[in-house]
Structures are given as C-alpha cells and as structure tokens.
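In what follows, a structure is listed as structure tokens, so that the remarks can point back to it.
The values are calculated or read from the model by the stated rules, or taken from the named source; none is laboratory data. Since this is a predicted model, take the numbers as computed values, not measurements. In this analysis, Cβ positions are derived from the backbone assuming ideal geometry, glycine residues included, and neighbour counts consider all displayed protein chains.
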Amino acid sequence: MLTNYVYKLRPNISQSEKMDNWVDLLRSHYNWCLNDRITQYNHQFIQGDYCDIRTRAVACPITCFVSKNGATGEPWKDGKLDKEGNLKNPRRSAGDIQITSLPMLKQARPWYAEIDSTVLQQNVKRLDVAYKNFFEGRGFPQFKNRSNFTSFTYTVGTKVQGNKIYLPKIGWMRFHNSRLIPDGFTIKAITVRKRQDGWYISVRIEDTNVPNYISRPLAEVEKVIGCDLGITKLVHLSDGYQIDNPKFSTNRKTRHLLKVRQRRIGRRVKGSKNRKKAAKKVGRLHKRIGDKRLAYQWYVANKIVSRNVDAIGLEDLNVAGMLRRCQVKVDEKTGRFLKNGQSRKKGLNRSISDASWSELTSKIEYLAEKQYKVVIKVNPKHSSQECRNCGHTDKLNRDRERFICVSCGHMSHADLGAAKTIRDRALSLVRGDSAKPADNTSKSSEGTVKRLKNRKETSARPLGKRVEPGNLSNQDIKTAMS
C-alpha cells in the first residue's frame with residue numbers, strides 16, 4: 001500500500017534561505033533541460049542535417065550531441081552483450097543523458113554542487129513526466145516561473161526521529177508531527193514544497209504487507225445513490241438530502257476583502273517591498289480559502305460515502321469544457337463583434353471554479369474505494385430536464401429549481417429529480433439492461449432507463465391544457481416543493 005502524509009516544516013532562517021535558493025537553481029536547471037530538448041528537436045527535424053548553421057557540421061552521434069534519442073552528452077552507452085553478441089539497449093533516452101551529464105554541470109557551475117544529487121536527478125525525471133503526459137495527449141511542457149515551480153523531491157538519505165526530520169545537505173529540521181507514521185511503513189520519497197504560509201513536506205510511505213484498496217465489483221452492487229452537483233446547493237442526493245454550498249471565494253464578504261487587498265497591490269510602487277508584502281497578504285487569503293474548501297470537500301465526501309449503499313452514481317462532467325469562453329460572434333456586414341454572453345458567463349465560471357466539482361469527485365472516488373464501494377459515472381445529459389413520470393424531455397420543463405413537465409404536469413424539485421435520474425442510469429449500467437430498449441423508456445447517455453407507467457414520486461397536476469411554469473399558483477408551487 002502506498003500513501004502520502006503532509007506536514008508543516010519549522011525551518012530556521014538559514015535553512016529557509018537555502019531552500020529558496022535551491023528552488024531558484026532547480027527552476028533554472030529545469031528550464032535549461034527543456035530548452036536543450038527543444039533545441040535538439042529543432043536541429044534534427046527543422047533546421048536539417050546540421051547541428052550548427054554557421055559551420056554546417058553534419059549531425060551524428062560521434063561529432064555532435066544531437067541524436068534521435070538524446071539531448072546532451074553521448075547517446076551511446078556501454079551495455080551488456082546478449083547471447084548473440086549484440087548490445088542490450090545501447091541507446092539512452094534524453095532523461096538518462098541529462099542525468100549522466102550532471103557531474104559536468106556541477107564542474108561548470110559549482111553552485112549546483114550544493115544541491116543533493118538525488119534532488120537534481122528527480123528534477124530531470126520531473127521533465128520526463130511532463131513529456132510523457134504530452135505524448136499521452138496533454139499539453140506540451142512549459143517553462144517554469146516562480147509561481148508554478150515551488151518544490152523539490154528527495155528519494156534517499158532522509159530520516160525521521162520524533163518531531164525532527166533530516167534532509168541531506170540541509171540538516172535536521174523540526175516539523176509539526178500531527179500524524180504519526182504507522183508501524184511497518186517505510187519512507188519512499190519526500191517532497192518539499194513552499195506555500196504562502198511556509199514550507200511543507202509530503203512524505204510518501206509504503207508497506208508491501210498492507211494490500212491496496214479494491215473497489216466493489218458491479219455484480220455485487222444492490223443499492224445505489226445518485227448525486228447531482230450544483231451551485232445553489234453543492235450536492236443533491238437521490239434520497240432527498242441536500243448539502244449546502246458555502247461559496248468560499250464567491251460570497252459577498254470574501255469578494256469584498258479580496259477586492260480591497262488586490263487594490264492595495266495596485267497602489268504600491270512596482271518592485272517595492274510594500275508591494276511584495278501586499279501581494280503576500282493576497283496569497284495568504286487565497287490559501288485560507290483553499291484550505292477551507294479542502295476541509296469542506298472531505299466532510300462532504302465522507303457524508304456521501306458513509307451512506308448505506310453499495311455504489312455512488314456521479315455525473316461525468318467535462319468541467320474544463322464548461323469553463324471555456326463563449327465563441328466570438330461577428331456581424332457579417334459591419335465586421336463588428338456582437339454580444340456572445342461572455343460577460344454573464346464569467347460569473348458562472350467563477351462559481352463553478354469555486355465549487356471545484358472535479359476535486360470533490362476525486363475525493364468521493366478515493367473514500368468509496370477505501371470503504372469497498374464503487375463510483376459509477378454516467379452522462380448527465382438532460383438529467384434535470386427529463387420527466388420522472390412520463391419520460392418527456394424538454395427544456396421548458398425546468399424553471400430554475402422548479403420542475404413542471406409540459407407534457408403530463410408532473411411537479412418536483414429539478415435537482416432532486418436529476419439525482420434520481422442519475423441513480424437510475426447508474427442502476428441500468430449495474431443490471432446490464434442499457435442495451436435492452438423497452439416500452440415507456442427514456443433514452444439516457446449510457447443507454448435506456450426503464451420507466452413505469454404509473455410511477456408517481458411527487459405530486460402531479462391533472463392532465464388538461466398545456467401546463468407551463470407561469471400557469472401555476474403559489475399554492476401549487478408550495479405543494480410541489482414540500
């Protein structure tokens with residue numbers, strides 16, 4: 001079993017300054033390695049078969065560091081011979097070559113000798129992970145700045161004794177031992193990270209005798225609860241329970257405080273110490289908001305997973321797509337830009353980011369696996385516009401939180417009805433009936449969900465003329481919401 005524990009460090013002034021210096025040097029080294037690989041690619045595939053435009057020397061493994069699998073140094077290595085007398089894996093990767101050239105780096109730049117060798121090696125491997133993510137379809141590695149490069153990692157040489165930890169070439173340092181490491185677990189790696197209020201360490205521990213968490217198989221699932229994520233309420237559950245959304249960064253008090261502190265930054269002279277102090281206060285405010293949100297998400301995830309169910313149905317949301325900007329609209333005659341609703345969507349994007357649905361979903365998945373439960377993700381398309389009584393789907397069915405079917409007059413809470421629809425879609429996947437269409441069914445994202453003809457979960461208006469939200473009285477609305 002592999003897990004992580006996070007602690008806050010208590011370094012002295014000299015140790016804090018040393019770690020700051022390390023972060024700056026490692027960021028420069030990371031950017032240099034990335035630039036080296038980009039340069040190698042340009043030499044090989046863009047500029048032609050020359051490693052130098054002025055000398056026009058032909059690129060080959062003997063005369064130049066540029067090679068198909070290398071970035072710096074000699075791409076070939078002395079490997080062991082196989083049975084046929086050939087070298088095993090004679091060519092090294094770009095990461096291996098850059099790690100091998102670290103002694104040359106320390107000779108050319110002696111200040112890098114003050115950094116632990118495993119930290120420098122992990123810095124190169126960090127770039128390897130970035131390239132691996134790129135080849136898997138994510139973004140290309142970017143050059144780092146002070147805001148997005150704030151950590152380094154140890155793999156060997158660290159020790160923990162009570163409330164003190166030893167970091168090679170930094171020394172013994174006190175830390176808040178708020179969580180004891182269980183017996184039998186060994187330290188695999190330690191990541192030192194700088195945040196707005198100080199330095200933290202993330203300790204990766206492992207015990208091979210403890211098995212990993214296993215999710216419950218779908219064949220054993222009997223009870224499912226559906227969850228509909230929202231903004232007015234953070235989560236609506238299919239059993240009728242609703243969880244409030246505190247809106248940590250979008251409530252009125254926090255927005256005003258953040259506006260005041262950001263305005264103070266603009267009034268300070270650029271490059272002055274007072275401007276840095278004002279910026280640090282804004283950073284601490286953002287961290288405090290993030291800590292509150294993190295603690296509340298763990299509370300919500302525990303509240304959902306602790307229910308007496310076997311599986312949890314969640315919406316498979318594309319949050320990144322929901323946060324994209326609206327498409328630009330241009331008048332064909334005049335060429336002027338038209339209103340596209342982006343000014344109104346800006347507030348919605350801010351609320352979605354504050355709710356942090358992706359982080360909440362990941363915490364629910366972790367706790368569910370820890371308690372031998374399973375998370376089933378379904379397509380939420382039209383889940384809040386689908387009638388629970390007749391299966392009719394229409395955009396007019398929903399008026400904010402009220403749901404009034406324009407076909408049969410069924411009334412209910414829109415988000416609670418969506419949670420029940422998500423529950424039914426998850427059940428259809430568990431039972432394997434998604435590929436068996438039948439009468440009185442409504443199509444869902446993953447298949448069809450069976451609907452009973454006489455199903456009545458809440459009050460329904462008698463059929464007659466077309467029922468729309470504007471035709472209901474206050475008494476009818478109160479009856480439907482109760």
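Structure notes:
- If you filter region 377-410 down to residues that are surrounded by 22 or more Cβ atoms within 10 Å (Cβ to Cβ) and aliphatic (A, V, I, L, M), you find that the one that is modelled with the highest pLDDT is Val378.
- Residue count for region 322-347, restricted to those that are over 17 Å from Ile231 (Cα atoms) and in a helix (DSSP H, G or I): 2.
- On the stretch given as region 135-163, residues that are part of a strand (DSSP E or B) and surrounded by 14 or more Cβ atoms within 10 Å (Cβ to Cβ) total 5.
- Considering (1) under 16 Å from Gly95 (Cβ atoms); (2) surrounded by fewer than 11 Cβ atoms within 10 Å (Cβ to Cβ); (3) of a type in the set (Lys, Arg), the lone condition that Arg126 does not fulfil carries the number (2).
- Filter result for Arg423 (closer than 26 Å to Ile243 by Cα and at pLDDT 80 or above): yes
- Flag if Lys223 is buried (at least 16 other Cβ atoms within 10 Å of the Cβ) and within 30 Å of Ser384 (Cβ to Cβ): no
- Restricting region 360-394 to residues that are of a type in the set (D, E, K, R) and either out of contact with any helix residue (DSSP H, G or I) (no Cβ under 6 Å at 6 or more places or on another chain) or in a loop (DSSP other than H, G, I, E, B) (or both), the residue that is farthest from Tyr296 (Cα to Cα): Asp394
- Considering region 305-321, and only residues there that are assigned to a loop (DSSP other than H, G, I, E, B) and of a type in the set (D, E, K, R), the residue that is farthest from Lys346 (Cα to Cα) turns out to be Asp310.
- Considering region 185-297, the qualifying strands (runs of 3 or more DSSP E), each wholly inside and each with 1 or more residues that are out of contact with any Pro (no Cβ under 9 Å at 6 or more places or on another chain), touching a residue at least 40 places away in the same chain (Cβ under 8 Å) and of a type in the set (S, T, N, Q), run over 186-195, 198-206, 242-244.
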